Every structure is written in structure tokens, then in C-alpha cells.
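Notes to accompany the following structure.
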Amino acid sequence: NDLIGIGVAAGTAMEILAATRAAGKQKHVAMDDIFDGVERHQKVLETTLADHRATIERLRIERDELPEDLMCPLTLELMSEPVMAADGYTYERCAITEWLATGATTSPRTNEPLAHRHLAPNRTVRALIAAELDKRERLFRES
């Protein structure tokens, strides 16, 4: 809650907590190292999702207007490249890739061990998101 209170995204806060737990078992982790990693991961997300976020902003789409299943549980945003992980949940590709890059071997949703690190495109969710964006684009042009 403290991290979220200072403006850290919920998904990033989860990464910090997961990294802290894992590191606590193996060695003491300096807070500077954690924040450096979070900053790097945040930059990757911001760079990768910039165009998608611009489209959402241009169409004036609010989070509470969309089905939760189309939102990434890590970024809490509408996904642009949804992939399914071994836990059966769908995530934004760059967000789950960054999660796995931290060395995490557990599900960010359940904290259960992941059977593998393979990510499969979720074409169904991608099609639903594309249809929603197309609908919003038509409404935007008509207004």
C-alpha cells in the first residue's frame, strides 16, 4: 500500500514484493537494487505500451468501461499483446516477460509455481480487444 500510495503501479508493487520475498530467502537485497530494477521494468513497459496507451487515451476509454478479462492483472490496463502463461491466466506480453525476467518462477496471480515459462498468444482475447477498439474508434469518429 505504501508503494501504491507514492504512485508505483500495482503490478510493479507486486514485482517489488515478489523480488523482496525471493531475495530475502537467499540474501539481503538493498532497496536501491530493487528500485533500480523496478525503474528498468517500468521503462520497458512504458516504451513498449506507449502507442497502445496513446490510442486508449485518444479514444477516451476508461478502465471501468471495459470487461476485466481484457485487462492485464499486472498493468491493470487493456492489453495490446495478450499471452497465456502456464497458470492459465492472460497477461500483457511485455509485463509477464518482465515478471519472468526478474527470475520469478511463480504465477503473479496465484504465487503457485509455474510448470514452464512458455507464453502462448491468446488470440481470442486479442480479437475481443480489437473488436472493442474498432467499436470505440467508430463511436469516436461519429461523435
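The values are calculated or read from the model by the stated rules, or taken from the named source; none is laboratory data. The model shown is predicted, which means the values in this text are computed figures rather than measured ones. Methodologically, a virtual Cβ is constructed for each residue, glycine included, from the backbone with ideal geometry; neighbour enumeration extends over all protein chains shown. The area values use the complete protein model at the heavy-atom level, side chains included, leaving out ligands, DNA and RNA. Shrake-Rupley method; radii C 1.70, N 1.55, O 1.52, S 1.80 Å.
How many residues does segment 7-47 hold that are at pLDDT 75 or above, surrounded by fewer than 16 Cβ atoms within 10 Å (Cβ to Cβ) and either outside any helix (DSSP H, G or I) or of a type in the set (G, A, S) (or both)?
Final tally of qualifying residues: 1.
With the condition kept exactly as written, say whether any residue in segment 95-117 is touching a helix residue (DSSP H, G or I) at 6+ places or on another chain (Cβ under 7 Å) and basic (K, R).
Yes.
Go through segment 68-94 and count every residue that is open to solvent by 40 Å² or more (accessible area, probe 1.4 Å), of a type in the set (D, E, K, R) and within 10 Å of the chain's Cα centre (by Cα).
Of the residues in segment 68-94, 1 are open to solvent by 40 Å² or more (accessible area, probe 1.4 Å), of a type in the set (D, E, K, R) and within 10 Å of the chain's Cα centre (by Cα).
Name the residue, out of A104, A127, A120, that is touching a residue at least 60 places away in the same chain (Cβ under 8 Å), open to solvent by less than 80 Å² (accessible area, probe 1.4 Å) and out of contact with any Pro (no Cβ under 9 Å at 6 or more places or on another chain).
Unique residue meeting the criteria: A104.
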